[in-house]
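Heads up: the structure comes next, in structure tokens.
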Amino acid sequence: MKKTIHPVARILLFFILAAFSLYARSQKPTGLMTDLLEHTDVVWQNGYPTQLKLWQTDQSLQPVQYAAIGSAMPAFSWIVPGNGQNIKQTAYRLILADRQDVIEKCEGNLWDSGIVAGDQSVAVVYAGLPLEPHQVYFWRVQTETNTEGMSDWSDVKSFRTAGTLQPYATAVYPQVKTAEFPLSVQPVASAEQVQLIDFGKD
């Protein structure tokens, strides 16, 4: 006797498969880093993060700091999307632009790597038009995996170059401050006006 799928079950199965396909397609690379720094788009003031954007730093009335990229050929890294086992990147495409409106249209007016076959997702060296000092740049990447096909484009990541660019330069964060609060404050019984301040483990 031949078994048939109930029409309601068939419709439900269709929507499940469509939702799974949409979920797999919507995944995108994350953890974008430039010269192994993740927070290249953060602007600090006196060691604390601000809401300023990199392209607003020149208009700031107060001194600000950011992770300046001093390499003329920065390297880019990302986390390959996917939740299953044995997922492997098979190709990537990376674009870089000097304008945000251009990169948001998924265009790279300074560099478009094209689809590059391979599993490299760490330290992909820039190979586009020459970068200029004291400039803000925007980049994003999409990847293809052996199980989920081509991903969506990643979110846009920005970075700002240093005043002088060299073929190879190590990028570093500015001095950053974090507020630390003690776990407990207790008076010392054997001494007046003395307190034991415990910050716990670091």
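The figures follow:
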quantity: Value in Å of the Kirkwood radius, where the chain supplies the Cα pairs that are averaged; calculated: 20.4
quantity: Principal axis dimensions, largest first and in whole angstrom, of segment 60-101 by Cα; calculated: 50, 24, 19
quantity: Carbon + sulfur, % of accessible area of segment 88-150 - ligands and nucleic acids excluded, 1.4 Å; calculated: 49
quantity: Options Val122, Gln100, Trp111, ranked by Cα towards positive dipole end of segment 85-124, top entry (Cβ charges); calculated: Val122
quantity: Accessible area of the chain divided out per residue, in Å², using a probe of 1.4 angstrom; calculated: 66
quantity: Helix-only [θ]222 nm of the chain, DSSP H runs n ≥ 4, -39500 (n - 2.57) each, per residue, nearest 500; calculated: -4000 deg cm²/dmol
quantity: Cα point-scatterer Debye curve for segment 30-74, base-10 log of I(q)/I(0) at q = 0.27, 0.33 Å⁻¹; calculated: -1.02, -1.21
quantity: Cα Rg, Dmax, segment 136-197, angstrom units; calculated: 24.8, 69
quantity: Using θ = phi - 60° and Karplus 6.51 cos²θ - 1.76 cosθ + 1.60, couplings along segment 169-181 (whole Hz; Gly, Pro as x); calculated: 8, 7, 8, 9, 7, x, 5, 10, 10, 10, 7, 10, 10
quantity: Straight-distance crosslink candidates among aspartates and glutamates, where the alpha carbon sits under 12 Å from Lys157 and sequence neighbours closer than 8 are dropped; calculated: Glu38, Asp41, Asp98, Glu104
quantity: Charged-residue dipole, Cβ positions (Lys, Arg, Asp, Glu), segment 55-202 about Cα centre, Debye nearest 20; calculated: 200
quantity: Relative contact order computed over the chain (Cα-Cα under 8 Å; 6+ residues apart), in percent; calculated: 25
quantity: Cα Rg over Rh - segment 41-149, Kirkwood; calculated: 1.04
quantity: Loop-located chymotrypsin sites (Phe, Trp or Tyr not before Pro) in segment 120-202, at most 15 other Cβ atoms within 10 Å (DSSP); calculated: Tyr168, Phe199
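The values are calculated or read from the model by the stated rules, or taken from the named source; none is laboratory data. All values reported here derive from a predicted model rather than from experimental measurement. Here the Cβ is made from the backbone with ideal geometry for all residues, glycine too, and neighbour counts use every protein chain on show. Ligands, DNA and RNA are excluded from the accessible area calculation, which covers all protein heavy atoms including side chains. Shrake-Rupley method; radii C 1.70, N 1.55, O 1.52, S 1.80 Å.
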